[in-house]
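The values are calculated or read from the model by the stated rules, or taken from the named source; none is laboratory data. Keep in mind it's a predicted model, so treat the numbers as computed, not measured. Note that each Cβ is placed from the backbone with ideal geometry, even for glycine, and that neighbours are counted across all protein chains shown. For the accessible areas, the whole protein counts, side chains as well, though only heavy atoms, and no ligand, DNA or RNA atoms are used. Shrake-Rupley method; radii C 1.70, N 1.55, O 1.52, S 1.80 Å.
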Amino acid sequence: MERSFLPGLVWRALRIPNLGIMAAFVSILLANPAFSAKQEPVRILVLGDSLASGWGLPAHQAFPTQLEAVLRARGHKVRLINAGVAGDTTAGGKARLDWALAEKPEIVIVELGANDSMRGVDPKSTRANLDNILTRLKSKGVGILLAGML
C-alpha cells in the first residue's frame with residue numbers, strides 16, 4: 001500500500017461534510033466583535049495529528065489550507081497556522097503547546113486523540129492531556145474549538 005493512500009482516502013471520505021461543519025463553527029467564533037472588528041487577519045492555529053498536518057498529501061490539500069480557503073471565500077480575514085504533526089498524541093500536543101502558542105493564535109482548533117486510541121492509551125490519560133491543553137488555552141484567552149472523531 002502506498003504511503004499516501006490511506007490519508008488521502010480518509011481525507012476524501014471526510015473532507016466535504018467536515019470542512020463545511022468546521023467552517024461553520026469557526027465562523028461562529030469569528031462573529032465575536034473582538035475578531036470581526038480587526039483589520040489584520042485572525043490567526044487560527046490547528047494543533048493536531050496527521051489529519052491536520054496533511055501527511056501524504058500535497059500542501060494545498062491539507063485541512064488547514066482548505067479551511068483557510070473556505071473561510072476567506074466566506075469573507076473572513078484569517079490566517080491558518082498548521083501545527084499538525086503526523087502520529088502525534090495528546091501527550092505530544094501537550095508537550096509542544098507552548099511552542100505552538102509562540103505564533104500568538106487568537107483561535108485554536110485542537111484535533112488530537114485518534115492516535116491515543118490507536119495506540120491503546122488509557123482514555124483517562126487522553127482526557128487528562130486534553131483537559132490540560134484546553135485549560136492552558138483558556139488561560140491565554142484564545143477561542144477554542146475541540147474537534148473529535150467518532
For segment 62-82, pairs from a residue that is on the phi < 0 side of the Ramachandran plot and open to solvent by less than 60 Å² (accessible area, probe 1.4 Å) to a residue that is part of a loop (DSSP other than H, G, I, E, B) and among the small types (G, A, S), with Cβ under 7 Å and 6 or more apart or across chains, are A62/G54; F63/G54
Among the residues of segment 18-28, is there at least one that is more than 14 Å from the chain's Cα centre (by Cα), at pLDDT 50 or above and not small (G, A, S)? yes
Subset of segment 97-127 [without any contact (Cβ under 8 Å) to a residue 40 or more places away in the chain and surrounded by 14 or more Cβ atoms within 10 Å (Cβ to Cβ)]: G113, D116, V121, T126
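Condition check ((1) closer than 14 Å to I144 by Cβ; (2) surrounded by fewer than 16 Cβ atoms within 10 Å (Cβ to Cβ)) across all residues:
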residue	(1), (2)
S27	no, yes
G48	yes, no
A59	no, yes
A91	no, no
